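The values are calculated or read from the model by the stated rules, or taken from the named source; none is laboratory data. Just so we're clear, the structure is a prediction, and the values are computed from it rather than from any experiment. So basically every Cβ, Gly included, is an ideal-geometry build from the backbone, and we count neighbours across all protein chains shown. These accessible areas exclude ligands, DNA and RNA; they are computed on the full protein's heavy atoms, side chains included. Shrake-Rupley method; radii C 1.70, N 1.55, O 1.52, S 1.80 Å.
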Amino acid sequence: MNEPIPVALVCGLYGRARAATVDRLLRRHPRAVAIHHAVAAGRVERVVRDASGVLDRTGVGDARGDATRTIGEDLLDMLAGPAAGASPLVIDLWDSIEPRPVAETLARTGRLRLACVHAALDARHLPVDICRGDRLAGTGQATAAGDRRHLAGVLVRQIEYATSLSLHEGDPEDADLAAAVLGHLAPHTPIVTTPETTVAGLDVHELAARVDPATAQLPADRQTGEVTTVVWHRLRPLHPGRLFDVMDELVTTTVRSRGRFWLANRHERMLAWDAVAGAISVTDAGPWLAALPEAAWDLVSPARRAAAALDWNPIIGDRVQHLVFTGPGIDRDRICGLLDSCLIGQGDLLPGAAAWARYDDPFAPYRLRT
């Protein structure tokens, strides 16, 4: 049986940064082959190259539907072609293609060994782009006509899913500021010159656990120059109306915030908070482990059980408020004070969930998706 082909997945909004990373990988590994899918004018074009130059350039499909799916399917077709002898196979993902769905598609084949997920970044633009509220449609980086994603949202998902990062362009001052920002967004992810491709193989379930709300490795309190991260961790439920009233201030006075939280009127459900550059998404992240019968605990992942164990309280189980806010010049006392004012008061803790369920819920019209 043939050994799985090692794969280096390179992502990022910045084409020059990605190209520099791919060039380094091709020079370091004589048998490496790089595949890039460019998305333009509703079409996907595949470019295959090695250290000597371009080997093939072919139109492969329509991007007006799901460009990520088109690219994933084409990559699988390539395994019998130029990719068959590659070591590693370098996949250069076009600007706004996110690495997670591609990694999970490739992992299902059993013919590939994911060696790294690398985000190549522009040190000059990163600190600015992370604050931009533009949609991809306005920057020319949408994958399809109906692509409603925001540039900053894509950028943080690329950074936070990656197993390594690199910084390109700019001067030392740009690099220092960009590295400081990354130290808050992805504090456990190394910044390297060239990605490492010799690891035994990454597990996409473990990669998902690093970013999924129930198990995410959230940053700790930190101050680096003007960049601040504030962690808010509490063990009382939030009043839905009070929280809704302060959300706008919380989101617009910080750049990046995320985590898991507990609304009093949704006693059984964990909610996920995900905000960047003024845009927020609140989603249903499934039941709290404490809301499940013990017989069902074996059905959840080990990572989920481990995360719940870290937060476990003998009275409320794993129900917790754990939100993290990052940005320049954050007023820590203001952020924590706003959130603390939204907690159910000590006098409201009884009669508890039955009464809380009757609270008016301004989140209801948004039909929190799972």
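Inspect region 66-73 for any residue being modelled with pLDDT of 90 or more and β-branched (Val, Ile, Thr) and give the result as yes or no.
no
Filter region 17-35 down to the residues that are open to solvent by 40 Å² or more (accessible area, probe 1.4 Å) and not basic (Lys, Arg) and list them by number.
23, 30, listed by residue number.
Looking at this structure, is residue 133 open to solvent by 30 Å² or more (accessible area, probe 1.4 Å), of a type outside the set (D, E, K, R), outside any helix (DSSP H, G or I) and modelled with pLDDT under 95?
So residue 133 fits the description; yes.
Taking residue 153 as meeting all but one of (1) touching a Leu at 6+ places or on another chain (Cβ under 6 Å); (2) touching a residue at least 24 places away in the same chain (Cβ under 8 Å), write down the number of the exception.
(1)
How many residues are part of a strand (DSSP E or B) and closer than 24 Å to residue 107 by Cα when one looks only at region 6-50?
Summing the residues that are part of a strand (DSSP E or B) and closer than 24 Å to residue 107 by Cα in region 6-50 gives 20.
Would you pick out the residues in region 104-126 that are modelled with pLDDT of 90 or more, of a type in the set (Gly, Ala, Ser) and either open to solvent by 10 Å² or more (accessible area, probe 1.4 Å) or within 18 Å of the chain's Cα centre (by Cα) (or both)?
If the condition is that a residue be modelled with pLDDT of 90 or more, of a type in the set (Gly, Ala, Ser) and either open to solvent by 10 Å² or more (accessible area, probe 1.4 Å) or within 18 Å of the chain's Cα centre (by Cα) (or both), then 119, 120 are the ones that fit.
Kindly evaluate residue 158 against the criterion of being under 20 Å from residue 93 (Cα atoms) and in contact (Cβ under 8 Å) with a residue 24 or more places away in the chain.
Judged against the criteria, residue 158 is a match.
Look at region 235-273 and say how many of its residues are modelled with pLDDT under 95, assigned to a strand (DSSP E or B) and open to solvent by 20 Å² or more (accessible area, probe 1.4 Å).
Count: 1.
Surrounded by fewer than 16 Cβ atoms within 10 Å (Cβ to Cβ) and either under 27 Å from residue 321 (Cα atoms) or at pLDDT below 95 (or both): which single residue out of 206, 160 fits that description?
206
Looking at (1) modelled with pLDDT under 95; (2) closer than 29 Å to residue 330 by Cβ; (3) within 23 Å of the chain's Cα centre (by Cα), find the lone condition where residue 302 falls short.
Result: residue 302 passes all but (2).
All but one of (1) under 23 Å from residue 236 (Cβ atoms); (2) of a type in the set (A, V, I, L, M); (3) at pLDDT below 95 hold for residue 323; state the number of the condition that does not hold.
Every listed condition holds for residue 323 apart from (3).
When you scan region 53-62, do you find a residue that is part of a helix (DSSP H, G or I), surrounded by fewer than 13 Cβ atoms within 10 Å (Cβ to Cβ) and either of a type in the set (Gly, Ala, Ser) or modelled with pLDDT under 85 (or both), even just one?
No, region 53-62 contains no residue that is part of a helix (DSSP H, G or I), surrounded by fewer than 13 Cβ atoms within 10 Å (Cβ to Cβ) and either of a type in the set (Gly, Ala, Ser) or modelled with pLDDT under 85 (or both).
Is it the case that region 239-255 has a residue that's out of contact with any strand residue (DSSP E or B) (no Cβ under 8 Å at 6 or more places or on another chain), aromatic (Phe, Trp, Tyr) and either in contact (Cβ under 8 Å) with a residue 40 or more places away in the chain or over 21 Å from residue 287 (Cβ atoms) (or both)?
yes
Pairs needed: first member in region 210-229, farther than 17 Å from residue 331 by Cα; second member anywhere, modelled with pLDDT under 90 and open to solvent by 50 Å² or more (accessible area, probe 1.4 Å); C-beta distance under 7 Å; at least 6 residues apart or different chains.
That search, which allows pairs on different chains as well, returns 210/217.
Give the residues of region 274-330 that are among the polar types (S, T, N, Q) and surrounded by 18 or more Cβ atoms within 10 Å (Cβ to Cβ), sorted by residue number.
321, 326
Filter region 346-370 for residues that are more than 34 Å from the chain's Cα centre (by Cα) and modelled with pLDDT of 70 or more; which is most open to solvent (accessible area, probe 1.4 Å)?
Residue satisfying both the conditions and the ranking: 358.
Table: residues versus (1) free of Cβ contacts under 8 Å to residues at least 24 places away in the same chain; (2) open to solvent by less than 50 Å² (accessible area, probe 1.4 Å); (3) assigned to a loop (DSSP other than H, G, I, E, B); (4) under 28 Å from residue 30 (Cα atoms).
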{"site": "87", "(1), (2), (3), (4)": "no, yes, yes, yes"}
{"site": "100", "(1), (2), (3), (4)": "no, no, no, yes"}
{"site": "128", "(1), (2), (3), (4)": "yes, no, no, no"}
{"site": "145", "(1), (2), (3), (4)": "no, no, yes, no"}
{"site": "148", "(1), (2), (3), (4)": "yes, no, yes, no"}
{"site": "166", "(1), (2), (3), (4)": "no, yes, no, yes"}
